[in-house]
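Contents: one structure, followed by commentary.
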Amino acid sequence: MRRKVIEVEGVDLTLGEGAARVHVLKNINLSVAEGETVSLLGPSGSGKSTLLMTLAGLERPDAGRVSIDGRDLGALSEDTLARFRGDKIGIVFQSFQLIPTMTALENVAVPLELAGKTDAFERAGAELAAVGLGERLSHYPAQLSGGEQQRVALARALAPDPLILAADEPTGNLDSETGAGMIDLIFSLQARRGATLVLVTHDPALAARCDRRIRLRSGRIEAEEAGAP
């Protein structure tokens, strides 16, 4: 039996202030095994992206516990949590989140340099080659297509060789053909590395490619289903 690398127990989260305050996550309980692929599926406003950000330590719950690789995130200081996240969790956002004044190579090397890796640029180049951008190292984000920018973002997320890859609607800003290629690349690299994948999507066909589908509605887990064999 594979060990659990993500454990969520009784998580509640409220965001906003005053009249704008919204109870986003409600008594979430979830566990994910090492190497498993899991999709978070649900309508807009269901809490799926917020749950992903909570798993990644970018949101701290009001109640409950999030444990990653046996570490309780709530017990970590902000600095320790940032280092832990940089080591264990790679994140791909819908909007790419690249630094516009840095080349593709520099964008991928940044987290490696922050982690103190002396071979940051060599590793960054290898990661970009792995996503098919070995000839685009010196290009800035504005010189790249949307699909290429998202591949840079994927290379950056995978460069530290994380235990968990968290992807938040990674095809949301791409056309259908480019998006399909991106998803194939994500699953291929995830399988090759044995990483755990947590994928937020509103696309049932994409969700079905994962080992398990978790459906959210109004901040609660509504159902869990096995993906396609």
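The values are calculated or read from the model by the stated rules, or taken from the named source; none is laboratory data. Since we're looking at a predicted model, the values are computed, not measured. Cβ atoms come from the backbone with ideal geometry, glycine included; neighbour counts cover every protein chain shown. Surface accessibility is based on the protein's heavy atoms, side chains included, excluding ligands, DNA and RNA. Shrake-Rupley method; radii C 1.70, N 1.55, O 1.52, S 1.80 Å.
For region 54-154, report the accessible area per residue in Å² (1.4 Å probe, heavy atoms, rounded to an integer). Provide the component values of the computation, followed by the final result.
Values: 4910 Å² over 101 residues.
Result: 49 Å² of accessible area for each residue.
Report the charge-dipole magnitude of region 1-159 in Debye, nearest 20, computed about the Cα centre from +1 at each Lys and Arg Cβ and -1 at each Asp and Glu Cβ. Intermediate values should be presented prior to the final figure.
Working: 17 positive and 20 negative charges, 60 e Å.
Rounded to the nearest 20 debye, it is 280 debye.
What shape does region 83-131 have by the C-alpha gyration tensor, where a ≥ b ≥ c are the square roots of the eigenvalues, rounded means a/c under 1.5, and otherwise prolate means a/b greater than b/c and oblate the rest? Walk me through the numbers on the way to the answer.
On the way: a/c = 1.45, a/b = 1.05, b/c = 1.38.
Rounded shape, in that the Cα axes give a/c under 1.5.
Within region 1-79, report the GluC sites (Glu not before Pro) that DSSP leaves as loop and that have at most 12 other Cβ atoms within 10 Å. Numbers along the way, then the final one.
On the way: sites: E7, E9, E17, E34, E36, E59, E78; in loops: E17, E34, E36, E59.
For GluC sites (Glu not before Pro) across region 1-79 that sit outside H, G, I, E and B with at most 12 neighbouring Cβ atoms in 10 Å, the list reads E17.
Pulled fully out, how much extra length does the chain show between E113 and M1, if you take 0.36 nm times their separation in residues and subtract their Cα-Cα distance? Walk me through the intermediate numbers first.
Numbers: separation 112, 0.36 × 112 = 40.32 nm, distance 3.55 nm.
Full extension from E113 to M1 adds 36.8 nm.
Compute, for region 115-175, the length of the dipole vector about the Cα centre, with Cβ point charges of +1 (Lys, Arg) and -1 (Asp, Glu) only. Units Debye, rounded to 20.
Numbers: 5 positive and 9 negative charges, 30 e Å.
It comes to approximately 140 debye.
So which of K26/K48; K4/K117; K48/K88 end up more than 23 Å apart by C-alpha? Numbers along the way, then the final one.
Numbers: K26/K48 12 Å; K4/K117 28 Å; K48/K88 20 Å.
Pairs exceeding 23 Å: K4/K117.
Sticking with the crude label model, points 7 Å out along Cα→Cβ, report the distance from A208 to A226 in nm, one decimal please.
Each label point lies 7 Å from its Cα, and together they span 1.5 nm.
With angles folded into 0 to 90 degrees, how steeply does helix 146-158 sit against the dominant principal axis of the chain? Use alpha carbons for both and round to 10.
Tilt relative to the chain: about 70 degrees.
Out of Q97, L25, G181, whose Cα points farthest toward the positive end of the dipole of the chain (charges: +1 Lys, Arg; -1 Asp, Glu; placed on Cβ)?
L25
Could you tell me which label, among (i) 13.0; (ii) 13.7; (iii) 18.6, carries the value of mean projected area of the Cα convex hull in nm² calculated for this structure?
Correct label is (i).
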